[in-house]
């Protein structure tokens, strides 16, 4: 009787073990990220899936790893606990130590390698699933044929979830859509990929934005007809239109345009209602308003042997440029160096500090008056990264030659400037400069070609800044000064007036200094005179006459303006 009871007990135990193994065999590997982009630590994960009809216990299940270079030698990376159970159709997420992603079910020191390697699930001493990736020869490391492996940053995933035909190569696929703890393929799914936002930012409301997205049905069923809505973070309706059906795995480009009416950072949310479901998808954000730092001037076509540069100006508060970055149309972002820019101050960013210094010195020696009293070397910094390529000519059919974008540390683009094509041309030796901040209309039209005699105003107030005073007549500010202090001549060209030149004469009519001119048409002009003669000596005390001559496009003299200036006695 005792012997029969022992047999019955043994049969009961064996039956329990068999039932447990059968239940656990429904648990399979479902998604694996073994080579994350960047550092592996804290980013690797293994996802399990229950493809059975009953809840499975994970108490006797372990995750094991084998180095493909060693062979059929396995080490345990994780073991289930008595309380660990997995419901049918659900996922179980095992993550590496230091994980910062979605909430996991278990944390372990995974230490997976990048191939050729293998992982497997073992339940009650029996292998219930196995995945080999890379060039493996030992059949103990894979099922059927090993998967070739996934590039860095991509996961291996079963599609559909849980389907196991015992062939790693066909059961698994490499994907950049990482879904740790979630189904790899849903019955209904929708993904929105941002293709572009144009313009990427703006300063004043009412200018149209255009957002372009790629919409991907990553589910197993068609998304039927419905409604597509674009909203901002406050729920304001921006765009609403019918949603056309989208087949499984199909992709569609969608473009929406609207005009913001207030100055604020706008976050876009795309809402799609189809097949009885709703998706609210983040669709990017845009800056609307006066930026805390902005482009003020760009030299895209410098003189021969001179470097390219651009100028930044701070708003009403100081700005540290650490973490800020700039990009040309290639959208390759270059980090700006750490530099404290005081409120209202300017910084010149160049590709070559030495070449910039040689250029300013050479221009001054050649007689071009420096545009302000600021030291030419003040607030001049170089990019720590490679310099962007500032193209000067637009290709056929292109609306611009190039543009610069300015991005905050949080990744938000807050300013831009374009030239060439339908914008201002990049003239050799002449910068383009901002008229004012905030813009007074279309930002692309609120820039001028610099009219300063130096050809640009790096570190100085732009030549097209509004000055007040007389609208057309010549004035000197100040009109009386010490020779070493110098003065600034200001005047304005009216419509129909094309060119000008300015000369300083003594009272006998002899030329003391030629201050140059330009032929850029109507607009404000500002010419700084340092108090030197054409021969680089300081003008002696006494009166001088400034003579301005303004001409038409045909070269005819339209008017003369005269201004008396007095050089006072005194030393530096």
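Among (1) modelled with pLDDT of 90 or more; (2) assigned to a loop (DSSP other than H, G, I, E, B), where does residue 381 come up short?
(2)
From the list 273, 267, 214, which residue is over 21 Å from the mean Cα position of the chain (by Cα), over 30 Å from residue 361 (Cα atoms) and not in a loop (DSSP other than H, G, I, E, B)?
Exactly one of 273, 267, 214 is over 21 Å from the mean Cα position of the chain (by Cα), over 30 Å from residue 361 (Cα atoms) and not in a loop (DSSP other than H, G, I, E, B), namely 273.
Taking the residues in the stretch 37-48 that are over 11 Å from residue 121 (Cβ atoms) and in contact with a strand residue (DSSP E or B) (Cβ under 9 Å, 6 or more places away or on another chain) as candidates, determine which candidate is surrounded by the most Cβ atoms within 10 Å (Cβ to Cβ).
Result: 47.
Looking for whichever is at pLDDT 95 or above and farther than 20 Å from residue 247 by Cβ here; the options are 212, 207. Which one fits?
212
Regarding residue 347, is this residue buried (at least 19 other Cβ atoms within 10 Å of the Cβ) and more than 24 Å from residue 293 (Cα to Cα)?
Spelling it out, it is not the case that residue 347 is buried (at least 19 other Cβ atoms within 10 Å of the Cβ) and more than 24 Å from residue 293 (Cα to Cα).
Give the residue, chosen from 80, 144, 115, 71, that is crowded, with 19+ Cβ neighbours inside 10 Å and more than 17 Å from residue 44 (Cβ to Cβ).
Selected residue: 80, the only one of 80, 144, 115, 71 that is crowded, with 19+ Cβ neighbours inside 10 Å and more than 17 Å from residue 44 (Cβ to Cβ).
Among the residues of the stretch 397-418, is any over 30 Å from residue 284 (Cα atoms), at pLDDT 90 or above and surrounded by fewer than 16 Cβ atoms within 10 Å (Cβ to Cβ)?
No, the conditions are met nowhere in the stretch 397-418.
Could you grab me the full set of residues in the stretch 297-316 that are assigned to a strand (DSSP E or B) and closer than 19 Å to residue 412 by Cα?
Across the stretch 297-316, the qualifying residues are 312, 313, 314.
Taking residue 336 and the conditions (1) buried (at least 21 other Cβ atoms within 10 Å of the Cβ); (2) at pLDDT 90 or above; (3) under 25 Å from residue 464 (Cα atoms), which numbered condition does it fall short on, given that it satisfies the others?
All conditions pass for residue 336, except number (3).
For residue 249, all conditions in the list (1) exposed (fewer than 14 other Cβ atoms within 10 Å of the Cβ); (2) farther than 30 Å from residue 34 by Cβ hold save one; what is the number of the exception?
(2)
Across the stretch 328-372, what is the number of residues that are without any contact (Cβ under 8 Å) to a residue 12 or more places away in the chain and outside any helix (DSSP H, G or I)?
1
Does the stretch 532-545 include one or more residues that are in contact with a strand residue (DSSP E or B) (Cβ under 9 Å, 6 or more places away or on another chain), in a loop (DSSP other than H, G, I, E, B), in the same structural domain as residue 485 (by TED's automatic domain parsing) and under 18 Å from residue 497 (Cβ atoms)?
Within the stretch 532-545, none of the residues are in contact with a strand residue (DSSP E or B) (Cβ under 9 Å, 6 or more places away or on another chain), in a loop (DSSP other than H, G, I, E, B), in the same structural domain as residue 485 (by TED's automatic domain parsing) and under 18 Å from residue 497 (Cβ atoms).
Could you go through the stretch 202-219 and let me know if any residue there is outside the structural domain of residue 31 (by TED's automatic domain parsing), under 27 Å from residue 106 (Cβ atoms) and touching a residue at least 24 places away in the same chain (Cβ under 8 Å).
Yes, the stretch 202-219 has at least one match.
Could you tell me whether any residue of the stretch 491-501 is at pLDDT below 85 and assigned to a strand (DSSP E or B)?
yes
The values are calculated or read from the model by the stated rules, or taken from the named source; none is laboratory data. Nothing here was measured: the structure is a model prediction, and the numbers come from that model. Note that we place each Cβ from the backbone using ideal geometry, even for glycine, and neighbour counts take in every protein chain shown.
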